[in-house]
Structures are given as C-alpha cells and as structure tokens.
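The values are calculated or read from the model by the stated rules, or taken from the named source; none is laboratory data. All values derive from a computational prediction rather than experimental measurement. Quick reminder, even Gly has a Cβ in these numbers, built from the backbone with ideal geometry, and neighbours come from all protein chains shown.
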Amino acid sequence: MRLATYFAAGQRHVGIVSADGQTVTPLALPRAQAELGVLTLIEALSQGQSLPEAAGAAVPLSSVQLDAPIPHPRRNVFCVGRNYHAHARELQASVFKDNDANPEAWPIVFTKVPECVVGPFDEVRVPTEVSTEIDYEAELCVVIGKGGRNISRAEALSHVFGYTVVNDVTARDVQMRHQQWDLGKSFDTFCPMGPWIVTADELDGTRTRVRCWVNEELRQDGPTENMIFDIPTLIETCSRGITLFPGDLIATGTPAGVGMGMKPPRYLKAGDVVRVEIDGLGRIENRFV
Ligand code: MG
C-alpha cells in the first residue's frame with residue numbers, strides 16, 4: 001500500500017495511492033488529524049485501530065499537490081552517516097579524516113530537525129548567506145511502525161511500517177566547521193521527503209536501488225545491499241536505551257557519488273534540479289533556489 005499526504009482545495013489530506021500511481025483515494029479524517037499526514041494512520045494502526053473509510057472517489061494524482069508523507073515529524077529525523085562502502089571511501093580524506101582506525105565498529109548517527117522537512121516536489125532554499133558548499137545525498141528512509149526500546153536485530157524488521165525517499169541535503173562547509181553535523185544538515189527545506197510511504201509488505205528495503213540525478217546527470221546509483229550497517233542493525237542501534245515511536249524516521253545513508261567526493265567538488269547552485277529515485281518506491285524532484 002502507498003500512503004500519501006497531499007493538498008487539494010487548500011487543505012491537507014491523507015490518501016491511498018493506486019498501484020499504478022495514477023490516482024489517490026482520500027481517507028475520512030478530522031481536519032486536525034489530516035494535518036499530521038500519514039503519521040496519524042501509523043499511530044492509529046499501532047494502537048490496533050483500522051484504516052479510516054474512504055472519503056470519496058479516487059482523484060487523479062495530477063490534480064493534487066503531494067506533500068511530505070509525514071510533514072511534521074514528532075521529533076528529529078535519525079540519520080546515518082557514511083553507510084555505503086564506496087561513499088565512505090570517497091569522503092575518507094575530508095569529513096572522516098579524524099575517524100578512528102576501525103570505522104566500521106559503530107554507525108555514525110546524527111539528526112535533522114523536523115522543521116526542515118518539505119514536500120517531494122517543493123523548492124529547496126540555498127542558504128547562500130551561510131554556505132557555499134551545498135550537496136545532495138539520496139537516501140532510503142525507514143518509517144517505524146511498532147515502537148520499542150532495545151529492539152534486537154532479529155526483531156527489527158517487524159518494527160518497520162514502510163519506507164520513503166529523502167534527500168539529506170547538506171551544507172558541507174557548515175558540517176565540517178562545527179564538528180557535529182546537525183547544523184549543516186538542518187537548514188530550512190533541507191529534507192525533501194516523499195512521494196509517499198510504501199508499506200513494508202510491498203517493498204524490501206534491504207534489497208532495492210537508490211539513484212540520484214542532478215540536472216538529468218546520473219550521480220549516485222547504489223543497491224541498499226551495499227550498506228555497511230544494514231537496516232536491522234540501524235534500528236537496533238537507534239533503539240539502544242532510546243524508545244522509538246510509531247512514525248519515527250531513520251535515513252539510512254547515501255551511496256557514492258556526492259558532489260563533495262568529486263575532483264574537484266561539484267556543489268549545488270540555484271537553478272539546479274535534483275531527482276532521487278528508489279526502485280519500488282518512487283521519486284522526488286526538487287529545484288534549488
Ligand atoms: Mg546522509
């Protein structure tokens with residue numbers, strides 16, 4: 001099932017997208033719940049409730065404006081750094097030069113503030129007053145369904161509600177300057193998300209493919225099998241001593257091919273269009289302004 005949040009007639013709605021991606025059927029939700037997007041469904045389902053009834057006939061997807069499936073995450077988005085072997089190598093000399101000799105011992109985890117989430121086709125603002133090194137990171141994002149603390153690797157996938165696409169947009173100079181990454185990852189609009197959530201029964205996130213184009217030039221292309229720390233390990237890591245809640249988000253890291261890894265680096269500028277696509281899920285596309 002594909003669950004989307006979208007605007008129609010000036011209001012937020014939540015609906016089920018058809019298998020062919022052509023239409024969306026709105027669900028009957030009070031307005032305050034619809035404002036939470038798909039999060040409200042994930043929370044209801046986790047409490048044993050069923051999906052709401054359809055609120056009307058399916059409408060063409062082209063007639064609505066897709067929003068981030070979870071437009072207001074309850075808290076920061078968990079993100080994993082350097083999680084594909086080839087990407088770790090391409091940035092070895094820069095972001096990670098001070099890392100210890102055994103970089104595969106533990107995942108790098110940081111967060112993005114929830115307010116930087118924007119829709120799958122929204123504009124991303126280049127903060128030229130703060131940064132001259134804006135970069136893209138195409139990523140598969142895990143959406144937690146069943147919460148829990150100290151979730152084991154063996155149980156981890158049963159806690160996954162589904163998956164969505166994010167671009168973990170990054171200001172490299174700010175990321176480097178402050179040692180901790182959160183500032184350089186959290187500028188307004190720096191987390192485009194969507195186009196919807198595909199439930200885990202329809203997509204095996206451990207075996208799919210992440211690609212990214214900048215102005216139609218293919219830059220990133222990596223299978224999720226190439227993660228250094230797989231999805232069960234990431235869920236185990238993020239839930240160690242921290243209770244995960246339904247709707248929590250874990251961005252799983254980016255494949256090789258980011259702008260910083262090129263020689264010379266190729267950063268984004270106003271007017272660039274970045275498209276991220278994941279097999280079995282869909283695509284997001286954002287113009288940088
Ligand atoms: Mg990232």
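Report, by residue number, each residue of region 155-175 that is within 13 Å of the ligand (Cβ to nearest atom) and either of a type in the set (Ser, Thr, Tyr) or not assigned by TED's automatic domain parsing to the domain that holds Thr208 (or both). It would help to see each step written out before you state the result.
We begin by selecting, within region 155-175, every residue within 13 Å of the ligand (Cβ to nearest atom); these are 165-172, 175.
Selection gives Thr170 alone.
Residues checked against (1) over 30 Å from Phe229 (Cα atoms); (2) part of a loop (DSSP other than H, G, I, E, B):
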position	(1), (2)
Leu29	yes, yes
Gln33	yes, no
Ile42	no, no
Leu45	no, no
Ser50	yes, yes
Ala57	yes, yes
Ile70	no, yes
Pro73	no, yes
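Step by step: first the residues of region 176-190, then only those that are within 16 Å of the ligand (Cβ to nearest atom) and part of a helix (DSSP H, G or I), then the one that is farthest from Ile250 (Cα to Cα). Which residue is that?
Here the residue is Met176.
If I ask for residues that are crowded, with 17+ Cβ neighbours inside 10 Å and either closer than 13 Å to Pro232 by Cα or touching a Ser or Thr at 6+ places or on another chain (Cβ under 7 Å) (or both), which ones from region 127-146 would you list? Steps first, answer last, please.
Kept after step one, since they are crowded, with 17+ Cβ neighbours inside 10 Å, are these residues of region 127-146: 131, 133-145.
Once the filter is applied, which keeps residues that are crowded, with 17+ Cβ neighbours inside 10 Å and either closer than 13 Å to Pro232 by Cα or touching a Ser or Thr at 6+ places or on another chain (Cβ under 7 Å) (or both), region 127-146 yields Asp135, Glu137, Ala138, Glu139, Leu140, Cys141, Val142, Val143, Ile144, Gly145.
Taking strands (runs of 3 or more DSSP E) that do not extend beyond region 191-289, which have at least 1 residues that are closer than 30 Å to Phe7 by Cα? Talk me through it step by step, then tell me what you get.
Details: elements: 191-199, 209-214, 217-223, 249-251, 273-278, 282-287.
Per the criteria, 191-199, 209-214, 249-251, 273-278, 282-287.
Results for (1) free of Cβ contacts under 8 Å to residues at least 40 places away in the same chain; (2) within 20 Å of Glu90 (Cα to Cα), shown as yes or no for each residue.
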{"position": "Gln179", "(1), (2)": "yes, yes"}
{"position": "Ala200", "(1), (2)": "no, no"}
{"position": "Arg219", "(1), (2)": "no, yes"}
{"position": "Ile228", "(1), (2)": "no, yes"}
{"position": "Leu244", "(1), (2)": "no, no"}
{"position": "Thr252", "(1), (2)": "no, yes"}
{"position": "Lys269", "(1), (2)": "no, no"}
{"position": "Glu285", "(1), (2)": "no, no"}
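From (1) over 16 Å from Ala68 (Cα atoms); (2) in contact with a Leu (Cβ under 8 Å, 6 or more places away or on another chain); (3) not β-branched (Val, Ile, Thr), pick out the condition that doesn't hold for Lys146.
(2) is the only condition that Lys146 fails.
Of these, Pro71, Pro60, Pro52, which one is closer than 16 Å to Pro195 by Cβ and surrounded by 16 or more Cβ atoms within 10 Å (Cβ to Cβ)? If you could, list the steps in order and put the result at the bottom.
Values: Pro60 fails: surrounded by 16 or more Cβ atoms within 10 Å (Cβ to Cβ); Pro52 fails: closer than 16 Å to Pro195 by Cβ.
After applying the criteria, what remains is Pro71.
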